[in-house]
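The structure appears below as structure tokens.
The values are calculated or read from the model by the stated rules, or taken from the named source; none is laboratory data. Since the model is a prediction, treat every value here as computed from it, not as a measurement. Here the Cβ positions follow ideal geometry from the backbone for every residue, glycine too, while neighbour counts run over all protein chains shown.
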Amino acid sequence: MGYDLYAVIGDGEALSAAARELPAARPASIGQGLVLIPMTDTLFDAITGGSLERAPGFRRLPGGFEHTLAAWSADGPVAYVEADYFGGVGEQRAAVWDGGALVLGPLHLDEGQPFAPDGSPVSQALRRLGVVATAGEDEFSAVGLGRHRHSEAWAG
């Protein structure tokens, strides 16, 4: 069974306010006061105007959108995360902006690579957003990112 996540994640109030600039954005509350905005096909097309340009190192981060994320981070850290798995094999990518600057990443975990000692790229990004995991779980689980198997489902 597959899993994919392509999303912007940040503080609930700040990110929901910022997302008002993008009518196609569909913020969804996740754990620990954070909001996730899935990078749906509709949102991607609205941001890119139909261009297929992507930010270097990412699969679905629209080219140039990292400048918007940097601007949004003036009100607190904002992450862009990607996770794509099928049958337990996959990849992750993540970056975090804070105070208008890139402060983490871009991090990339290729298929077959083990997690770094400080966790997966997505967990590292979530930690940078202030997510706290309890014993026996990671930040990914702590905010419930396993609730939906596909990015589009978060927009529902």
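Exactly one condition in (1) in contact with a helix residue (DSSP H, G or I) (Cβ under 8 Å, 6 or more places away or on another chain); (2) part of a strand (DSSP E or B); (3) touching a residue at least 60 places away in the same chain (Cβ under 8 Å) is false for Val132; which is it?
(2)
Going residue by residue through region 117-127, is there one that turns out to be in a loop (DSSP other than H, G, I, E, B) and surrounded by 20 or more Cβ atoms within 10 Å (Cβ to Cβ)?
Yes, the conditions are met somewhere in region 117-127.
For Ala24, indicate whether it is over 15 Å from the mean Cα position of the chain (by Cα) and of a type outside the set (Phe, Trp, Tyr).
yes
Matching residues to (1) over 18 Å from Gly146 (Cβ atoms); (2) free of Cβ contacts under 8 Å to residues at least 60 places away in the same chain:
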| site | (1), (2) |
| --- | --- |
| Ala7 | no, no |
| Ala17 | yes, yes |
| Ala25 | yes, yes |
| Ile30 | no, no |
| Leu34 | no, no |
| Arg54 | yes, yes |
| Gln92 | no, yes |
| Val96 | yes, yes |
| Leu102 | yes, yes |
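If you take the residues of region 29-60 that are modelled with pLDDT of 85 or more and within 16 Å of Ser141 (Cα to Cα), which of them is nearest to the chain's Cα centre (by Cα)?
Ranking the qualifying residues of region 29-60, first place goes to Leu36.
Can you tell me which residues in region 135-154 are part of a loop (DSSP other than H, G, I, E, B), among the acidic types (Asp, Glu) and surrounded by 13 or more Cβ atoms within 10 Å (Cβ to Cβ)?
If the condition is that a residue be part of a loop (DSSP other than H, G, I, E, B), among the acidic types (Asp, Glu) and surrounded by 13 or more Cβ atoms within 10 Å (Cβ to Cβ), then Asp138 is the only one that fits.
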